[in-house]
Amino acid sequence: MIEDELPWVCIRRTHSRNPVYEWSLVLTAVAIDNEVELVGDTWGLWVHPDQARSAETQLDQYDGENRPVPVRGTPLPTIDSGWLGVAGYLMVIWALPAFASFGLLDPGWRAEGRMQAGLVADGEWWRTVTALTLHADLGHIVANSLFGALFGLFVGRYLGSGFGWLLVLISGALGNALNAWLRPEAFSSIGASTATFAALALGAAFVWRRGYFKGAAWRRSFAPIFGGIALLTFTGVGDGRTDVLAHFAGFGVGLCAGLLAAGFDIRRLGRSGQHISAVLALGLLAVAWNQAVG
């Protein structure tokens, strides 16, 4: 054994085999005699005492050159808390059922607002917007409230509660238009889920395109996109009543919107720009419903 072959000394010990052989190669490359020996469960790197200091210097230098540099992600600048936009979204989708419960709406209000592929193709564009505010039952609206609030919260934080939700509304409407174009004329649908998944994709694409995960391993760099797709797959595919195509259409349009928005400095809008965007979003809803019932 080496212990008996004085005057060799052990300069490094480890419980793992790979590091000690890596150190041995480093010393061999600079012509320093060394030996590797396993004693019990400990690996040791042995050298002659005359070369011990030189060996330590070489290994310290090697460790310094190969020490992994910690990845510091770019901080994600936020525009606002996002909660104001969430509150506005919830007020909008719960307003119609509340009005209906008090008898303030005509009996045919739901039919006038639903998305019907043939009528959209004939020019009734407003149905792509009004359908986002309609829901089949309590479970439907509760689900869209939860997921819309969750996904929309991040959109509001990074794009602003005004501008972000304006993009969500437009993306949801365009997703409905795309869905109508791909469907037979008799097809109809309602629900905010198209906009909900547009919000999911919008936030993911914006964060990714802005490069907030750059400098990390490629898997982490694409984490926002992978996460968005995973959530779409997990929450956007359900039973036979689920309009899966609408979910994917909204997600696709949201991706494009997020990529485009990432090229613009949102902070330049300021508070006034966010307020104007919020008014435009509410105005689009008002115009669409006016067209539907007018």
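We did not get these values from a lab; they are worked out from the coordinates using the rules stated. Everything quoted here is computed from the prediction, not taken from an experiment. Cβ: placed from backbone, ideal geometry, glycine included. Neighbour counts: every protein chain shown.
Only helices at least 20 Å long along their own axis, judged from Cα atoms, and with Kyte-Doolittle mean hydropathy of -1.0 or greater: name those in the chain from DSSP H.
Helices passing the filter in the chain: 83-101, 138-159, 163-182, 193-209, 244-261, 270-293.
From the alpha carbon gyration tensor of the chain, can you work out the equivalent ellipsoid semi-axes (sqrt of 5 times each eigenvalue) and give them in Å, largest to smallest?
For the chain, the semi-axes come out at 63, 20, 15 Å.
Report the relative contact order of the chain, percent, no decimals, based on alpha-carbon pairs under 8 angstrom and at least 6 residues apart.
Worked out over the chain, it gives 19 percent.
Take the Cα pairs of the range 2-66, get the Kirkwood Rh, then feed it into Stokes-Einstein at 4 °C and 1.567 mPa s and tell me D in µm²/s.
Here the translational diffusion coefficient equals 110 µm²/s.
Between the alpha-carbon centers of the range 273-291 and the range 12-62, tell me the distance in whole angstrom.
Measuring centre to centre over Cα atoms gives 71 Å.
Hey, fewest Cβ within 10 Å first, where do Phe206, Phe234, Phe264, Phe154 land in order?
Taking fewest neighbouring Cβ atoms as first place, the list is Phe234, Phe264, Phe154, Phe206.
What is the projected area of the convex hull of the Cα atoms of the range 26-170, averaged over all directions, in nm²?
Working: hull surface 76.1 nm².
Approximately 19.0 nm², given one-decimal rounding.
Counting trypsin sites (Lys or Arg not before Pro) as exposed when in a DSSP loop with at most 12 other beta carbons within 10 Å, what is the longest stretch of the chain free of them?
Result for the longest clean stretch: 73-213.
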